[in-house]
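Read through the structure below, which is laid out as structure tokens, and then see the notes.
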Amino acid sequence: MAVLARAADPAAPAGQPARPRGRAPALVCAMAAALLLLCLFSAGVGAYGIPVGDVLSSLAHRLGLGGAALDRVGESVLWNVRLPRLVLALLVGASLGCAGALMQGVFGNPLAEPGVIGISAGAAVGAVGAIALGLNFLGTWTVTACAFVAGLVTVLIVYTLSRSGGRTEVVTLILTGIAVNAFAGALIGLFIFFADNAQLTQITFWQLGSLAQATWPKVLAVLPCALAGLAVAPLYARKLDLLALGERPARHLGVDVERLRLILVLVVALLTAAAVAVAGIISFVGLLVPHLLRMAAGPGHRFLVPGSALGGALVLVAADLAARTAAQPAELPLGVLTALFGSPFFFWLLRRTRRKQGGWA
């Protein structure tokens with residue numbers, strides 16, 4: 001297990017023992033409890049305050065478990081504004097956290113993340129392009145489909161360009177991401193140039209990242225993509241553990257490495273596209289969450305993949321709560337807020353990894 005821990009986490013010094021397995025169940029229980037309490041609190045906090053007891057009563061009433069309905073305004077605020085936004089935050093956060101864990105496993109690199117290496121920006125290009133060109137060939141699925149295709153193309157480009165000699169280098173990965181993000185930004189700027197005022201408002205939403213326009217139809221539009229990706233990802237956790245030993249040992253142990261990477265690249269693109277399609281560019285969640293969990297409970301993917309989904313949901317619900325309450329009555333852009341806190345963490349992570357590995361050369 002110590003060998004596997006060092007293979008999955010290059011930043012870990014040689015000889016460091018693996019974390020105790022017993023931490024993982026306790027951590028999952030703690031995150032689940034914190035998420036449940038945070039959801040109840042978030043559902044009641046806002047310009048129109050709703051006590052937690054009333055939130056529980058309304059939920060029980062809708063589920064036919066007793067309780068009582070709120071007044072007309074309270075019911076409307078809770079069920080038409082707060083809960084769609086809360087469910088969307090859960091889906092987006094879980095998708096980004098899980099996608100980050102998969103990216104790090106597929107690339108065998110702890111610095112991989114959909115936003116850092118340009119996948120989120122690529123998916124946003126597809127969504128923004130669909131808005132600017134007025135595409136509607138799939139109805140409510142059009143933006144999601146365009147984001148998925150653009151995200152898939154982006155991840156394949158990054159994957160191809162960042163590999164050299166059968167492995168992925170940290171510096172190449174980051175530089176490729178910088179180039180892809182720059183190119184995606186140029187395409188978005190081009191769409192902005194040709195967009196009208198109404199489309200500009202929508203495009204600004206994608207660039208800054210927000211859940212302010214959450215509705216139940218948007219939740220239903222992204223739900224199949226997010227659930228499909230989140231259901232498939234844990235099935236490949238054991239193979240990711242074997243891949244962490246290296247490509248050759250994984251092949252000897254029966255893993256079809258190229259097929260595994262192709263499937264997981266598709267899952268990452270699906271999860272990222274689902275998130276970007278409804279929330280815009282929200283970076284660093286997929287980088288921060290898997291790393292914190294890896295440091296706390298070890299690198300095993302059977303915990304890390306579902307744990308990152310749970311942790312991502314927790315982080316994004318908390319971030320969205322802060323975004324809509326920190327500067328009331330104004331609302332901070334969610335993507336700006338996550339980048340504001342995620343960037344210093346990424347800088348610290350770069351320095352830590354470089355120090356542990358003795359430099360990049």
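Here are some notes:
- Any hit, the stretch 324-341, residues being surrounded by fewer than 23 Cβ atoms within 10 Å (Cβ to Cβ), under 19 Å from S42 (Cα atoms) and of a type in the set (V, I, T): yes
- Hits in the stretch 313-355 - residues which are among the hydrophobic types (A, V, I, L, M, F, W, C), touching a residue at least 60 places away in the same chain (Cβ under 8 Å) and over 14 Å from G209 (Cβ atoms): A313, L314, V317, A318, L321, F345, F346, L349, L350
- Test: residue in the stretch 144-156 that is surrounded by fewer than 23 Cβ atoms within 10 Å (Cβ to Cβ) and not in a helix (DSSP H, G or I): no
- Some residue of the stretch 306-323 being among the acidic types (D, E) and at pLDDT 85 or above: yes
- Matching residues, the stretch 27-80, being hydroxyl-bearing (S, T, Y) and closer than 26 Å to A323 by Cα: S42, Y48, S58, S76
- Residue list for the stretch 158-186, restricted to those being modelled with pLDDT of 80 or more and either surrounded by 18 or more Cβ atoms within 10 Å (Cβ to Cβ) or touching a Gly at 6+ places or on another chain (Cβ under 6 Å) (or both): V158, T176, G177, V180, N181, A184
- With respect to the conditions (1) under 27 Å from W141 (Cα atoms); (2) in a helix (DSSP H, G or I); (3) touching a Leu at 6+ places or on another chain (Cβ under 6 Å), L270 falls short on a single one, namely (3).
- Across the stretch 213-260, the qualifying residues are those that are basic (K, R) and crowded, with 19+ Cβ neighbours inside 10 Å, and the one among them that is farthest from V155 (Cα to Cα) is K218.
The values are calculated or read from the model by the stated rules, or taken from the named source; none is laboratory data. The shown structure was predicted, so the numbers you read here are calculated from the model rather than taken from an experiment. We place every Cβ from the backbone using ideal geometry, glycine too, and count neighbours over all the protein chains shown.
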